[in-house]
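Below is one structure; the comments refer to it alone.
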Amino acid sequence: MHTPGSAYLLTSRLRKSKPELNAAERTAVLKACLHWNGRGWKMYAAVVMPDHFHLITSLEEETALTKQAVAHLMRSIKGYSAREVNKLRGVKGSLWQAEYHDRSLLGEQAFKGAVKYLLNNPAKAGLAERPEDYPWLWTDWAGFSAPI
């Protein structure tokens with residue numbers, strides 16, 4: 001369900017046949033996730049894992065077209081990042097699964113739960129001991145900024 005003014009947890013996964021993202025590729029995907037920050041979207045947190053990304057975001061202004069706006073944002077992120085990753089790999093073709101997952105974060109508890117999930121994703125996967133140690137994690141608050 002899409003609700004104007006609410007935040008969203010957005011997730012997309014690589015196609016099953018695609019190799020995991022390396023360091024440079026994860027950086028390219030993170031840049032794509034953050035591109036729209038301050039350009040109609042407010043980004044709160046993003047993490048790029050070897051085979052997927054999570055993004056917590058909201059529209060800067062309420063609109064009745066939220067569902068279409070989320071779809072447009074995901075097309076932009078997935079399309080741009082696929083072109084960049086493909087350039088790095090010297091290949092062409094689809095990178096991301098066609099579908100994506102979006103969840104409306106209604107209320108402070110849902111928002112905090114999504115942030116906790118996103119922050120703990122690298123540690124849970126064994127990629128970093130602490131969230132702040134993972135290079136492809138970005139948050140809008142002090143203490144977490146990826147080197148992009």
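Number of residues in the stretch 99-132 that are outside any loop (DSSP other than H, G, I, E, B), touching a Pro at 6+ places or on another chain (Cβ under 8 Å) and surrounded by fewer than 17 Cβ atoms within 10 Å (Cβ to Cβ): the value is 2.
So for the stretch 77-97 (the condition being under 21 Å from Ala7 (Cβ atoms) and loosely packed, with under 14 Cβ neighbours inside 10 Å), does at least one residue qualify? Taking every residue of the stretch 77-97 in turn, none turns out to be under 21 Å from Ala7 (Cβ atoms) and loosely packed, with under 14 Cβ neighbours inside 10 Å. Looking across the stretch 58-76, the residues that are open to solvent by less than 20 Å² (accessible area, probe 1.4 Å) and modelled with pLDDT of 95 or more come down to Leu73, Met74.
Within the bounds of the stretch 62-85, is there any residue that is among the acidic types (Asp, Glu) and in contact with a Gly (Cβ under 8 Å, 6 or more places away or on another chain)? Scanning the stretch 62-85 turns up at least one residue that is among the acidic types (Asp, Glu) and in contact with a Gly (Cβ under 8 Å, 6 or more places away or on another chain). Taking Ala32, is it modelled with pLDDT of 95 or more and within 19 Å of Asn121 (Cβ to Cβ)? The answer is yes for Ala32. Residues in the stretch 31-51 that are without any contact (Cβ under 8 Å) to a residue 60 or more places away in the chain and assigned to a loop (DSSP other than H, G, I, E, B) were compared, and the one that is most open to solvent (accessible area, probe 1.4 Å) is Arg39.
Within the stretch 1-30, can you find the residues that are hydrophobic (A, V, I, L, M, F, W, C), farther than 15 Å from Glu84 by Cβ and surrounded by fewer than 18 Cβ atoms within 10 Å (Cβ to Cβ)? If the condition is that a residue be hydrophobic (A, V, I, L, M, F, W, C), farther than 15 Å from Glu84 by Cβ and surrounded by fewer than 18 Cβ atoms within 10 Å (Cβ to Cβ), then Met1 is the only one that fits.
Pairs meeting the criteria (first residue in the stretch 84-105 and among the hydrophobic types (A, V, I, L, M, F, W, C) and at pLDDT below 95, second residue open to solvent by less than 60 Å² (accessible area, probe 1.4 Å) and in a loop (DSSP other than H, G, I, E, B), beta carbons under 7 Å, at least 6 apart or on different chains) are Leu105/Ser6. Taking residues in the stretch 114-143 that are small (Gly, Ala, Ser), and partners anywhere that are assigned to a helix (DSSP H, G or I), the pairs with Cβ atoms closer than 6 Å and at least 6 places apart or on different chains are Ala128/Pro122. Within the stretch 66-98, if we keep just the residues that are polar (S, T, N, Q) and either under 13 Å from the mean Cα position of the chain (by Cα) or part of a helix (DSSP H, G or I) (or both), the residue that is nearest to Asp51 (Cα to Cα) turns out to be Ser81.
The values are calculated or read from the model by the stated rules, or taken from the named source; none is laboratory data. Remember, predicted model here, so these are calculated numbers, not experimental data. As a convention, Cβ positions derive from the backbone with ideal geometry for all residues, glycine included, and neighbour counts pool all protein chains shown. Surface areas here come from the heavy atoms of the whole protein model, side chains and all, with no ligands, DNA or RNA. Shrake-Rupley method; radii C 1.70, N 1.55, O 1.52, S 1.80 Å.
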